[in-house]
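As structure tokens, the structure follows; a few thoughts come after it.
Values quoted throughout were computed directly from the atomic coordinates according to the rules given, and no laboratory measurement underlies them. All values reported here derive from a predicted model rather than from experimental measurement. Here the Cβ positions follow ideal geometry from the backbone for every residue, glycine too, while neighbour counts run over all protein chains shown.
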Amino acid sequence: MGIFNKIFGKNDGHKETQIKSYKDFWDWFVTQEKDFYETIKNHQNIEIDFFDVIAPKLKEINGGFYFLAGMSDDSIAELILTVEGDIKNIIFAEEIIEAAPKLNHWKFTALKPEMNLTSGIEMDGKKFSSENIFFYENEIEGYPDEIDITFVYENLNEETKDAAITGVCIFLDNFLGELNFATQIDTFNVIGKDNAKKELVPITKLKDFLSWREREFTEKYKNVKNFDEEDQFSVFEATLKNGSPLIAAINTSLLTYDSKASYPWISILKVQYNGENNNGLPEKEDYEKLSNIEEQIIEELKIEDGNLYIGRENADNLKESYFASKDFRKPSKVLKKVIDDHPEYKMTLEIYKDKYWQSFERYNVNQN
């Protein structure tokens, strides 16, 4: 497939039709699809007649959508929706593509697929391929399920380190596919060949290695019951460096849970409030509103559906609510809706994989 360009959510004046749903977008797309197809096929004025037209429409649905376009073959144009590996937006790319109509001469794909990179990729005059990229696994004591990988790029040096790391990541994104690269590897680093400490494994064996580790993980936790102990919360207090108080309530019944890795996806909802007159803590009105919002989230992210409420923290005009889940898709949807439904607060969402809940070691949650 010849990829013509990548869009990063440009905005312009093409907003004649307001887009509020997936159906709205595809209904609009159908009215333009013949012109879009000819533009892509003939590679004429693609920036103006395709990219600058479709980007703001997608942005109306989700500001985290980006896309690639090109000819899949001589008669089929392909539109690939990507979220650049952002976990919290993956489900929405999957949903909008699932809602796509069947159109002659069009193929719609959610997330960048894995590609056959026999010749590798070239970026800034450097080549990244199976001939110069290798890997090895790092075993971390106390964290047997953690997949930590060191990637070795032969041509990496201090002067070109940043560009080399970017190139390796782009190679992996295409080699594994966006979903696999974003979800199958827990942590990784990129080094030069001179710094390697183990025997190098050809990058061509990476897919088989990750598939094996995934099967091993699934087998290990397939019979683990959902956590069902009674909640027991403890209050923690501390003082920040700026003198502001920190108050947290953490579900301490989770502290000794020995199957944390079966809930590997951590969601953190951050909500800003005005606590200037209360030492950075929420005043009564905000406290009650934010508590109600959190209760609604807990009701949506049920234990029986594979979600755990870890707790909350208030300090320095910011509330953070913590959840752990077996999968990231439901939390992504529930928490995005909360953000959309409460524009009176500035909220941000972070979702990432942390099999051993190392993010919460300050509360001694990480006990195995």
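When every Cα-Cα distance of region 80-180 is counted in 10 angstrom steps from zero, the calculated P(r) takes the values 13, 33, 32, 17, 4, 0 percent. Working note: 222 nm ellipticity from helices only, DSSP H runs with n ≥ 4, each -39,500 (n - 2.57), summed and divided by the residues of the chain, gives -9500 deg cm²/dmol to the nearest 500. When the Kirkwood hydrodynamic radius is evaluated over all pairs of different C-alpha atoms of region 121-221, what value in angstrom, to one decimal, is obtained? 14.2 Å is the Kirkwood radius here. When only the Cβ of Lys, Arg, Asp and Glu is charged (+1, +1, -1, -1), the dipole of region 154-205 relative to its Cα centre reaches about 220 debye.
With one equal scatterer per alpha carbon and no solvent term, the Debye-computed log10 I(q)/I(0) for region 26-78 at 0.22, 0.28 1/Å reads -0.86, -1.23. Taken over the Cα atoms of region 2-110, the convex hull encloses 90 Å³ per residue.
What ranking, highest mean first, results for peptides 231-238, 63-70, 190-197 when packing means the other Cβ atoms within 10 Å averaged over each residue?
63-70, 190-197, 231-238
Length, then width, then depth: along the principal axes, the Cα atoms of region 122-163 run 41, 22, 13 Å. Ellipsoid fit via the Cα gyration tensor, region 204-245: semi-axes of 41, 23, 4 Å, each the root of five times an eigenvalue, largest first.
When Cα extents along the principal axes in Å is calculated for this entry, the matching label among (i) 63, 58, 44; (ii) 77, 47, 31; (iii) 179, 45, 35 is (i). With semi-axes defined as the square roots of five times the eigenvalues of the C-alpha gyration tensor, the equivalent ellipsoid of region 233-363 measures 24, 18, 12 Å, largest first.
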